[in-house]
Amino acid sequence: MHRKVKIIAVIGTRPEAIKMAPVILALKNESWPEIRVLATAQHRDMLDQVLNFFGIVPDIDLNIMHHNQALTTLTARLLPELDEVLKVEKPDAVLAQGDTTTVMTVALTCFYHQIPFGHVEAGLRTRDLQNPFPEEANRVIAGRLARWHFAPTETSRQNLLREGVAESAINVTGNTVIDALLMTASKPVEIGIALDRTKRLLLVTSHRRENFGEPLRNICRALRTLAERNSDIQILYPVHPNPNVKNVAHRMLGDCADILLTEPLDYAPFVAAMKHAYLIISDSGGVQEEAPALGKPVLVLRDETERPEAVEMGVVELVGPHYERIVTAAQRLLDDVNAYGAMARGVSPYGDGKSAQRIVSVLREHFARCS
Ligand code: UD1
Ligand code: UDP
């Protein structure tokens with residue numbers, strides 16, 4: 001009897017768990033692979049929130065997170081731990097998603113062990129190594145070392161081809177975030193927070209390292225101005241636990257009656273909040289992909305994006321972490337029904353909910369040829 005193909009799926013942070021969950025669940029439905037889930041736990045509570053929701057229990061948990069961890073020490077602590085796992089487990093393939101420190105270190109460790117690495121959400125690029133920091137460098141490194149590139153869109157495929165990646169190593173699969181969203185959005189879930197239902201909801205998230213300091217303070221000032229100028233809005237801001245975000249947000253906005261600062265929401269309530277929102281203001285990658293599919297305009301708190309598709313379709317607008325631009329763009333969408341309607345169209349350039357199946361098919365066919 002043939003031995004099963006052993007695949008390790010690695011997850012470190014909240015968005016990796018959301019976007020890998022559909023792949024893990026799809027692989028678990030197949031008879032040919034043995035799927036092992038490795039949590040680096042670069043995030044702890046936010047990772048556990050998502051794993052619980054999707055009913056995924058890690059087989060290996062490195063529990064790596066430290067409070068206010070620095071990039072260098074996080075990287076240095078991950079490498080020997082991952083090295084040991086690969087030595088013991090000897091998988092036939094390893095998968096990881098996105099552009100975090102977890103992904104970059106996994107790709108590197110696989111390279112050292114000569115184990116084929118599959119990159120989920122491959123080929124996103126701004127072509128500016130400093131923005132987003134350090135994610136652009138992480139995904140360039142992961143992409144350079146990957147055996148399989150699961151590109152969400154044609155644009156990401158073109159980025160990889162331009163870097164010399166072989167056409168045969170790239171598959172356009174869509175983004176698994178839409179699989180996760182469709183699995184979740186259809187369920188009747190409450191936001192779980194007492195909102196004033198007579199007011200329009202602005203949903204905010206922010207966590208990018210390049211926005212730490214003055215840019216984040218500008219964002220907070222803009223939110224306060226919007227709340228003060230518009231008595232018919234309420235702002236819900238689930239604050240990322242990174243202390244560089246949390247401390248500033250609470251210090252600058254904690255006393256504002258129409259701004260609700262909360263802990264990060266569980267995934268299903270957060271999706272419910274996106275569905276209920278009038279407008280979303282965020283620097284999140286995943287939110288930029290999900291909101292258009294829900295017909296919600298997004299003002300992105302960044303000057304560039306590796307996700308140009310929704311910007312080109314006119315449903316996402318880049319406003320940067322700039323006070324004037326945030327206030328002006330949000331106020332226009334609050335006041336101008338036509339401008340709002342043009343952005344609230346419900347388009348899904350990032351996927352159709354079948355991305356995980358496409359990824360599994362590529363792997364199934366590859367290992368069938370090898371056997
Ligand atoms: C990380 C990723 C970023 C991704 C983001 C998603 C890196 C370098 N950064 O940023 O690409 O977009 O996750 O959210 O890989 N913390 C907690 N509990 C948690 C998670 C974080 O308390 O569950 C706090 C800890 O103090 C931790 C800090 O946040 O040290 C920073 O976490 P880290 O993963 O290093 O960076 P993020 O800013 O979360
Ligand atoms: N999200 C969540 N709870 C929140 C905020 C965001 O579940 O309070 C989800 C969101 O729906 C998206 C993902 O987290 O799928 C985005 O994660 P994050 O913004 O932390 O990282 P990024 O996508 O920027 O890497």
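A few points about this structure:
- Considering the range 259-363, the qualifying strands (runs of 3 or more DSSP E), each wholly inside and each with 2 or more residues that are of a type in the set (Val, Ile, Thr), run over 259-262, 279-282, 298-300.
- Extreme residue, most open to solvent (accessible area, probe 1.4 Å), among residues of the range 12-38 that are farther than 21 Å from Asp266 by Cα and assigned to a helix (DSSP H, G or I): Lys28
- Unique match (being within 16 Å of ligand 1 (Cβ to nearest atom) and surrounded by fewer than 23 Cβ atoms within 10 Å (Cβ to Cβ)) among Leu294, Leu334, Leu265: Leu265
Residue-wise test of (1) farther than 30 Å from Leu265 by Cα; (2) within 16 Å of ligand 2 (Cβ to nearest atom); (3) outside any helix (DSSP H, G or I).
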{"residue": "Ala122", "(1), (2), (3)": "no, yes, yes"}
{"residue": "Asn171", "(1), (2), (3)": "yes, no, yes"}
{"residue": "Ile178", "(1), (2), (3)": "no, yes, no"}
{"residue": "Glu190", "(1), (2), (3)": "no, yes, yes"}
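- Any hit, the range 137-151, residues being charged (D, E, K, R), in contact (Cβ under 8 Å) with a residue 24 or more places away in the chain and crowded, with 20+ Cβ neighbours inside 10 Å: yes
- In this entry, Val362 passes the filter for residues that are within 27 Å of Ala21 (Cα to Cα) and either within 17 Å of the chain's Cα centre (by Cα) or open to solvent by less than 40 Å² (accessible area, probe 1.4 Å) (or both).
- Just one of the listed residues (Met46, Met65) is within 16 Å of ligand 2 (Cβ to nearest atom), open to solvent by less than 30 Å² (accessible area, probe 1.4 Å), touching a residue at least 24 places away in the same chain (Cβ under 8 Å) and over 15 Å from Ile115 (Cβ atoms), namely Met46.
- Considering residues of the range 216-260 that are touching a Pro at 6+ places or on another chain (Cβ under 7 Å) and open to solvent by 20 Å² or more (accessible area, probe 1.4 Å) only, the residue farthest from Ile280 (Cα to Cα): Pro241
The values are calculated or read from the model by the stated rules, or taken from the named source; none is laboratory data. Owing to the predicted nature of the structure, the values given are computational and were not obtained by experimental measurement. Note: ideal-geometry Cβ built from the backbone for every residue, glycine included; neighbour counts use all protein chains shown. In case anyone asks, the SASA skips ligands and DNA or RNA and just uses the protein heavy atoms, side chains included. Shrake-Rupley method; radii C 1.70, N 1.55, O 1.52, S 1.80 Å.
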